[in-house]
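Notes for the one structure printed next.
The values are calculated or read from the model by the stated rules, or taken from the named source; none is laboratory data. As the structure is a computational prediction, the values presented were derived from the model and not from experiment. Positions of Cβ are generated from backbone atoms using ideal geometry, with glycine treated the same way; all protein chains shown enter the neighbour counts. For accessibility, only protein heavy atoms count, side chains too; no ligands or nucleic acids. Shrake-Rupley method; radii C 1.70, N 1.55, O 1.52, S 1.80 Å.
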Amino acid sequence: MTSWARALFFFLFFRDTELILAQIKYSTPEGVKVGAVIGNVAKDLGFDVSTLKSRRFRIVSGAHGALFEVNPNNGILYVHQHIDREQLCDRNVACLIDVKIVVENPLEVHYVTVEIIDANDHAPSFAEQEKIIEIAELTAPGARFQLPGARDPDVGINSIQRYKLSQNENFHLEIRDRGEDKIPFLVLQRQLDREQKTNHNLILTAADGGTPPQSAHLNVTVRVLDINDNRPVFLKEVYSAVLQENAAIDTIIIKVEATDLDEGTNADVEYAFGSDISSDLLQLFSLNIHTGEIGVSGLIDYETANVYKLDIQASDKGQPPMTTDCRVIIKIQDVNDNKPEIDITSLSSVVPEDSKYGTVIALLSLTDRDSGLNGKVICRLTDNVPFQLKPSYKENVYSLVTKETLDRETLSYYDISVTATDCGEPPLSTVKTLSIQVSDVNDNTPEFLHNPLELYLMENNAPGDSIFSVTAIDKDLNENAVLSYRLLKGEGGHKDMTSFLNIHVDNGQISALKSFDFENLKTFQFQVVASDSGSPSLSSNVTVNVFILDQNDNAPV
């Protein structure tokens, strides 16, 4: 197996909400083949593999797309796309990718963190193939000349670890640490004599610490010039400044200054960016060649980079010119210029009205690209809704759950607005709307408008004719509101007339199967039962009192 796992578990139980959260951590090197196994999530979480499909065991994609997938048959987490650590995490030391796994019945959310381990898949490289350095003869030993640093996208031990200079009698290599970078300097050991040798050809080698190590070479040509024997000197070797992001164009950030002990043109100093500065930095910063003022020339975005390192070179106008260098470190101060982002994973847009308190409706994740208080997010819901947000153990992750009993007959549809507001000044907000439909359950019995009912029936009615009709209503929907009618049978006595009556099961029309005679029967009653088609079915009764009306159908005797 090309990947390995370090299982690290965190659990959070909501017994009443039926929501269980857990987190596992795995590690895998970058560059593994698509399909490589990361780990068996189902096994590590203790799931029954046979239930994975029925419980919809799946990954909910996050910000990095479908880098990983899980096999719903065996619960194995595997690589779905090619993994390039440098593309995902740039030069960050820790490269952690969060994967959200959801299973249902009951609902469980598990957070799997996959740490991408750096592989030594990049060789060091120099921005140019050759560096030409001009050094005046009789320059005192110990003079330092900055060489271009090599770049390596890898991190840690796989990044650049050492520099080496080819064997020679006049120079040696000195490495200085400036922050996280190693800067090579060419140091003069012996005075140069132009008349003996005009050019010195050296090779600078940069090597990383991988296994096996990879390296790059730079040809260094030293041209020996006639003397302008004092070089400019900066007041500081490292300058520091703080700049707010989104600073206006032409804002002056800092001024560097170098002095030269020579006179005339040999003491006139001009400033320039170092030779290995990237083109991106040239679009963001400007340098006044005469005053040494560094200004803003592009959009400064804290979320893109929170610190910039510029190498500045000072040269005099002597023949030959002499140079020196310094570093300027510009720290960017965050401004609240990013609205919070809301990611809603809706588990169901339809909620039964008999849902228990704490039933999970959706999962919400909040992010804000700003930092500090500008990136701290507060979330709230629309007022007067029967739902609430429950925070997770993971910061800025919430569950939307029910907090009251739902009643579809009162309100069947909710548009819930979720508002995320950061703590910046002024605060920025984002609103998202979640639509929830309340589905019907059979919780209403059929109702008769009046109970009891009275029927006045003229004697000598025609058998089979309709004599009366009953109607009930049901507040539920669909099959829960479809009613059927039947007669409630009596105990079979001489007053039980239900055997002489018939009722239509669908519309409640009642017909008599015999003709009634006032002289033999003046009144009786029966009951009608109305039942809905829900499961289980609900029903109610109504009593019908029947009064037989007399006709003049008997002659005197």
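Quick look at the numbers
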item	result
Residue check, residue 259 among the β-branched types (Val, Ile, Thr) and open to solvent by less than 50 Å² (accessible area, probe 1.4 Å)	no
Looking only at the stretch 158-204, and only at residues there that are more than 24 Å from residue 223 (Cβ to Cβ) and among the polar types (S, T, N, Q), the one that is modelled with the highest pLDDT	161
Positions within the stretch 259-301 being among the hydroxyl-bearing types (Ser, Thr, Tyr) and out of contact with any Gly (no Cβ under 8 Å at 6 or more places or on another chain), in sequence order	259, 275, 278, 279, 291, 297
Residue check, residue 394 assigned to a loop (DSSP other than H, G, I, E, B), open to solvent by 80 Å² or more (accessible area, probe 1.4 Å) and basic (Lys, Arg)	no
Of all residues making up the stretch 279-293, the number that are acidic (Asp, Glu) and in contact (Cβ under 8 Å) with a residue 12 or more places away in the chain	1
Residue within the stretch 317-328 that is among the aliphatic types (A, V, I, L, M), in contact with a strand residue (DSSP E or B) (Cβ under 9 Å, 6 or more places away or on another chain) and modelled with pLDDT of 95 or more present	yes
Listing of strands (runs of 3 or more DSSP E) fully contained in the stretch 51-155 that carry 3 or more residues being within 30 Å of residue 170 (Cβ to Cβ) and open to solvent by 10 Å² or more (accessible area, probe 1.4 Å)	130-136, 144-146
Test: residue 464 is buried (at least 17 other Cβ atoms within 10 Å of the Cβ) and outside any strand (DSSP E or B)	no
Residue list for the stretch 520-549, filter: in a loop (DSSP other than H, G, I, E, B) and free of Cβ contacts under 8 Å to residues at least 40 places away in the same chain	520, 521, 522
Which numbered condition residue 76 fails, given (1) at pLDDT 85 or above; (2) touching a Leu at 6+ places or on another chain (Cβ under 8 Å)	(2)
So residue 361, is it within 19 Å of the chain's Cα centre (by Cα), surrounded by 16 or more Cβ atoms within 10 Å (Cβ to Cβ) and within 23 Å of residue 443 (Cβ to Cβ)	yes
Failed criterion for residue 464 (all others in (1) on the phi > 0 side of the Ramachandran plot; (2) in contact with a Phe, Trp or Tyr (Cβ under 8 Å, 6 or more places away or on another chain) hold)	(2)
Residue within the stretch 364-371 that is open to solvent by 20 Å² or more (accessible area, probe 1.4 Å), polar (S, T, N, Q) and not in a loop (DSSP other than H, G, I, E, B) present	yes
When residues of the stretch 433-461 are limited to those that are among the hydrophobic types (A, V, I, L, M, F, W, C) and in a strand (DSSP E or B), the one most open to solvent (accessible area, probe 1.4 Å)	458
Residue list for the stretch 312-335, filter: open to solvent by less than 20 Å² (accessible area, probe 1.4 Å) and in contact with a Cys (Cβ under 9 Å, 6 or more places away or on another chain)	312, 314
Filter result for residue 469 (under 30 Å from residue 399 (Cα atoms), open to solvent by less than 70 Å² (accessible area, probe 1.4 Å) and in contact (Cβ under 8 Å) with a residue 12 or more places away in the chain)	no
Members of the stretch 226-241 that are more than 22 Å from residue 276 (Cβ to Cβ) and not charged (D, E, K, R)	227, 228, 230, 235
Residue list for the stretch 500-519, filter: in contact (Cβ under 8 Å) with a residue 40 or more places away in the chain, of a type in the set (S, T, N, Q) and in a loop (DSSP other than H, G, I, E, B)	515
In the stretch 473-510, residue modelled with the lowest pLDDT [restricted to those that are small (Gly, Ala, Ser) and surrounded by fewer than 17 Cβ atoms within 10 Å (Cβ to Cβ)]	493
Residue 42 being of a type outside the set (Phe, Trp, Tyr) and surrounded by 19 or more Cβ atoms within 10 Å (Cβ to Cβ)	yes
Filtered residue count, the stretch 1-26, keeping only those that are at pLDDT 85 or above and either in contact with a Phe, Trp or Tyr (Cβ under 7 Å, 6 or more places away or on another chain) or farther than 25 Å from residue 364 by Cα (or both)	0
Any hit, the stretch 229-250, residues being touching a residue at least 40 places away in the same chain (Cβ under 8 Å), in contact with a Lys or Arg (Cβ under 6 Å, 6 or more places away or on another chain) and open to solvent by less than 60 Å² (accessible area, probe 1.4 Å)	no
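Here is a yes/no grid of residues against (1) of a type in the set (Asp, Glu); (2) open to solvent by 30 Å² or more (accessible area, probe 1.4 Å):
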{"residue": "383", "(1), (2)": "yes, yes"}
{"residue": "389", "(1), (2)": "no, yes"}
{"residue": "401", "(1), (2)": "no, no"}
{"residue": "405", "(1), (2)": "no, yes"}
{"residue": "410", "(1), (2)": "no, yes"}
{"residue": "419", "(1), (2)": "no, no"}
